[in-house]
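Here is the structure we will look at.
The values are calculated or read from the model by the stated rules, or taken from the named source; none is laboratory data. Note that this is a predicted model, so its numbers are computed, not measured. In this analysis, Cβ positions are derived from the backbone assuming ideal geometry, glycine residues included, and neighbour counts consider all displayed protein chains.
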Amino acid sequence: MSGQKKRTNVKPDGFQEFEQLAKNIMDGQGVSYFDWVHQKHQEVVLNFNLTNKDEIAELAKEVD
């Protein structure tokens with residue numbers, strides 16, 4: 001990466017507007033936006049862990 005700047009996480013154009021609309025819709029449906037986002041984060045981590053379970057197990061063995 002010599003000569004390249006690390007790209008910072010930038011929200012796409014219109015992100016905040018759509019996020020607010022999603023919050024309003026979900027609130028109207030009686031669903032917590034933040035509970036929903038938290039669930040999505042958990043799904044990403046779980047899927048990552050399942051996909052990489054063998055590598056994770058090997059790393060755990062190295063620590064013992």
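Computed values, structure above
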| read-out | value |
| --- | --- |
| Test: residue in the stretch 8-16 that is in a helix (DSSP H, G or I) and not small (Gly, Ala, Ser) | yes |
| Pair list, Cβ < 9 Å and 6+ apart or interchain, from the stretch 37-64 residues that are over 26 Å from Asp27 (Cβ atoms) to residues that are part of a helix (DSSP H, G or I) and of a type in the set (S, T, N, Q) | Ile56/Asn49 |
| Selected residue (only one of Asp35, Asp54 is charged (D, E, K, R), assigned to a helix (DSSP H, G or I) and modelled with pLDDT of 95 or more) | Asp35 |
| Single residue of the stretch 2-24 satisfying the filter (small (Gly, Ala, Ser) and at pLDDT 70 or above) that is farthest from His38 (Cα to Cα) | Gly14 |
